[in-house]
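Trainee: Dropping the structure in here first, questions after.
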Amino acid sequence: MICEKCDKKNATVHFTKIIHGKKTEWHLCESCAREKGELERPFGGGFPLHQFFSEMMGFMPGGSSDKLLPQAQTGVQCSCCGLTYAQFGQIGRFGCENCYEAFAKCLPALFRKLHGSQKHRGKIPLRTDKGVKLRKDIALLREELQRKIAEEAFEEAAALRDRIKKLEKEREAGGAAGEGKG
Amino acid sequence: MKEKDERWIPERDPSMGEHTQAGCENRRLEKICSKFLEGTGPEADVVISSRVRLARNIRDHLFPPLASNLQRKNILQLCREILQEEEEQFSRFQFLELDSISGVFKQVLVEKHLISPLMARENVCSALCLREDETLGIMINEEDHIHIQCMLPGLQLEQAWQEASLLDDCLENQASYAFHEELGYLTACPTTVGTGLRASVMLHLPALVITRQINRILFALNKVGLVLQGIYGESTDFTGNLFQVSNQITLGQSEDEIWQNLYGVTRQLINQEKKAREHLLNEGRERLDDRSGRALGVMRYARVLGVQEVMQLISDVRLGLDLGLVRDISAGTLNKLLALTQPGCLQYLKGRELSAYEQDLERAAQVQKFLDC
C-alpha cells in the first residue's frame, strides 16, 4: 500500500481515528506520519512541567486567564532580561538571575509550594563574600543549638555556643570576596 | 582536554570509509558499550546506577532559555576558557559540540543518559564535556549554563555527590556563579533553585511489579519529597521494570540531607524488592525459572523484536540471573544489551537511519549476535 499523503513511499503506519463518532482511516509512510505528529508517544511523551506550575501559580496555559493573578503582579518586568511575570508563568523559566529580585514579591509563595521552604541551607560558593558564609554558618549553628537545648544535651550545646561566639568574632573582623570570570 | 578524540568522532568520520563495514560496526559498538556498563557497584542486583546533577549559572549572563544564539555562544566560549584554565583537571575530558554531530548520535548520548532529551532537541551552542570513563561530565547550555553530572554504577550516591561537588569547586576557581544569600544557586527553573542538586537512582524492581506492590510504593514516595519517573526523564514509561527515583525538593535542605534521604528510601526499596523476590521464589521457583528461560529463548531465536519487548525480556532474564536461576550471562552483558537495543544506538551502529521495522529486525539480530559471543 502506498502512503496516502506523499503517494510515493510504502505506507507502514496505519491508524483509525474516531472523532465525534466519525471514523477515518489513515495509511501513511513513516516520515509523513511523523510530520503529522502521529508517531509521537501517547500523552505527548512526558508531563509538561512548565504547565504544571503555570497552573500552580494561578495562570492557565494559553495565557487567557491572567486575570487570576493580581493585575499589579502580572505586569512586573525584569529590568535586566525584560521577562514579565506573566511570561514567567507561561514558560516556567526565569530569564536571568535578576528575575529573582524583580519577581521577589511573588516568589515566596511559589517556593513554599514547590519546596516547602524559602531558605537555602546547602553549599555556598567558595568565592562568596566571607561574611555571607559566616552569617549562614552561624544561623545553622544557632538552629542546632536550639535543638540541643530542647534535647537537654547541655554539654554539646555549650560547645556549639563557643563555636558561635568564635565565628561571630571572625565576622566582626570582616572577610573578603574573590573575583572570577562571568 | 581533548578537542576531538577518535572515540567521539561520530559516524561522519571520513577515516571510517576506508574500513570494512564490520570494522566500523565494531568501533561503533565499542562506543555504545562503554566500560561504565560493565561496572558492578554496591547493590547492583537492584540499583542499576546512581546519578547526581548540579545546576549552575554564571553571573551576569542571561540563562539559556532566554539567551540569544550569540549570548549562548559567549557562554560556550566562556566555559571553554574556564576548562582550559583548569587544564590539568580536564586532561582526560573530551569536548563535544552538539551542533557538529548527527541527530542519531545525539540520540545515542540521550540513551546513555549523558545528555538530556531537552539538550538533544535544543542544542544551539550546546556542548558536552565528558571524562573518558563517561562517569563525569559537564553539559553546557542546557537549561542552565552548566550542569555537572556524575553517574556511577550501583548505589553510590555519596561518591557521586562528592565527585560532582569537587568538579564544581574546580569550575568555581575560574567562574563566578549566580548565587543568592537566601535562595542559594539561582537556576532557570524554580524547581531546582537552592542546591541545584538532583540526585537519582535507577532501579530494577521486577518483583514489586509482579506482586503488584509497586503502586502502593509509588504513592508513598511522593509523601517523602521524592518523585518517580521512567528512565528517560520526564515520562512515566516504566518499560522493563526500570524506575528512576529522584529528589523533588532543592531549597531548604542541604546536599547531604538530599542524598541521604534518597539513600535511605532506596535502601527500603531494595529491602522490599528482595522480600518480594524471596516471596516469589517460595511461591514457585519453577515459575520464575520458566519466566527467565522463556525470555532467554525468545531473545536467542526471535527474528523481530520491538524495543519495549526486548526491555521486558532483559528484565525477566536479569531477575533470573539475580536469583541464581540463569547462568552463562552476566549483568554487564544485559546492561550492554539494554543500551544497544535502543533505537538511537541501533541506527548509529548500522551507520544509517532505519525504519521502525528495520530496527526491529536489527534489534533481534544484534541480541542473537551478542548472546552467541
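The values are calculated or read from the model by the stated rules, or taken from the named source; none is laboratory data. Treat the numbers as computed from the prediction; the structure is a model and nothing was measured. Methodologically, a virtual Cβ is constructed for each residue, glycine included, from the backbone with ideal geometry; neighbour enumeration extends over all protein chains shown.
Trainee: Only residues in segment B:72-98 that are within 11 Å of another protein chain (Cβ to nearest Cβ) count as the first member; pair them with residues that are β-branched (Val, Ile, Thr), Cβ under 6 angstrom, at least 6 apart or cross-chain, and list the lot.
Mentor: B:Cys79/B:Ile140
Trainee: Just to be sure I understand, how many residues within segment B:169-225 are basic (Lys, Arg) and touching a residue at least 40 places away in the same chain (Cβ under 8 Å)?
Mentor: Total meeting the criteria: 1.
Trainee: A further question on this structure: Scan the helices (runs of 4 or more DSSP H) fully inside segment B:96-180 and keep the ones with 3 or more residues being more than 26 Å from B:Leu262 (Cβ to Cβ).
Mentor: B:103-111
Trainee: Additional query: I'm told B:Phe90 meets every condition in (1) closer than 24 Å to A:Ile124 by Cα; (2) outside any loop (DSSP other than H, G, I, E, B) except one. Can you identify the failing condition by its number?
Mentor: In the conditions (1) closer than 24 Å to A:Ile124 by Cα; (2) outside any loop (DSSP other than H, G, I, E, B), B:Phe90 misses (2) alone.
Trainee: Modelled with pLDDT under 90 and either under 22 Å from B:Asn57 (Cβ atoms) or within 10 Å of another protein chain (Cβ to nearest Cβ) (or both): is that true of A:Arg135 in this structure?
Mentor: For A:Arg135, the condition - modelled with pLDDT under 90 and either under 22 Å from B:Asn57 (Cβ atoms) or within 10 Å of another protein chain (Cβ to nearest Cβ) (or both) - is met.
Trainee: Let me ask something additional. What number of residues within segment B:330-373 satisfy the criterion of being within 14 Å of chain A (Cβ to nearest Cβ) and in contact (Cβ under 8 Å) with a residue 60 or more places away in the chain?
Mentor: So the answer is 3.
Trainee: Another question, then. For segment A:98-107, give me the residue count where each residue is surrounded by fewer than 18 Cβ atoms within 10 Å (Cβ to Cβ) and of a type in the set (Phe, Trp, Tyr).
Mentor: Counting residues in segment A:98-107 that are surrounded by fewer than 18 Cβ atoms within 10 Å (Cβ to Cβ) and of a type in the set (Phe, Trp, Tyr) gives 0.
Trainee: Where residues in segment B:202-216 are in a helix (DSSP H, G or I) and within 23 Å of the chain's Cα centre (by Cα), which of them is surrounded by the fewest Cβ atoms within 10 Å (Cβ to Cβ)?
Mentor: B:Val209
This table checks each residue for (1) surrounded by 13 or more Cβ atoms within 10 Å (Cβ to Cβ); (2) within 14 Å of chain B (Cβ to nearest Cβ).
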site: A:Leu83; (1), (2): yes, yes
site: A:Cys96; (1), (2): yes, yes
site: A:Ala109; (1), (2): yes, yes
site: A:Thr128; (1), (2): yes, yes
site: A:Ala153; (1), (2): yes, no
site: A:Ile164; (1), (2): yes, no
site: A:Lys169; (1), (2): no, no
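Trainee: Is it true that B:Phe63 is closer than 30 Å to B:Met202 by Cα, within 11 Å of chain A (Cβ to nearest Cβ) and assigned to a loop (DSSP other than H, G, I, E, B)?
Mentor: Here the answer is yes, as B:Phe63 does meet what is asked.
Trainee: Got a sec? Which of B:Lys223, B:Lys274 is away from chain A (no Cβ under 14 Å) and more than 24 Å from B:Ala164 (Cα to Cα)?
Mentor: On inspection, the qualifying residue turns out to be B:Lys274.
Trainee: While we're on this one: Within segment B:184-202, can one find any residue that is of a type in the set (Ser, Thr, Tyr), more than 10 Å from chain A (Cβ to nearest Cβ) and within 30 Å of B:His279 (Cα to Cα)?
Mentor: Scanning segment B:184-202, I find at least one residue that is of a type in the set (Ser, Thr, Tyr), more than 10 Å from chain A (Cβ to nearest Cβ) and within 30 Å of B:His279 (Cα to Cα), so the answer is yes.
Trainee: Restricting to segment B:183-201, count the residues that are under 18 Å from the mean Cα position of the chain (by Cα) and not charged (D, E, K, R).
Mentor: 4
Trainee: When the residues of segment B:49-66 are narrowed to those that are among the hydrophobic types (A, V, I, L, M, F, W, C) and touching a helix residue (DSSP H, G or I) at 6+ places or on another chain (Cβ under 7 Å), which ends up farthest from B:Gly154 (Cα to Cα)?
Mentor: Step by step, filter segment B:49-66, then rank; the result is B:Leu62.
Trainee: Can I ask one more? Mind listing whichever residues of segment B:129-155 are in contact with a Gly (Cβ under 6 Å, 6 or more places away or on another chain) and modelled with pLDDT of 95 or more?
Mentor: B:Gln149, the sole residue that qualifies.
Trainee: Within segment A:111-126, work out how many residues are of a type in the set (Lys, Arg) and either surrounded by fewer than 18 Cβ atoms within 10 Å (Cβ to Cβ) or more than 30 Å from B:Val227 (Cα to Cα) (or both).
Mentor: Final tally of qualifying residues: 3.
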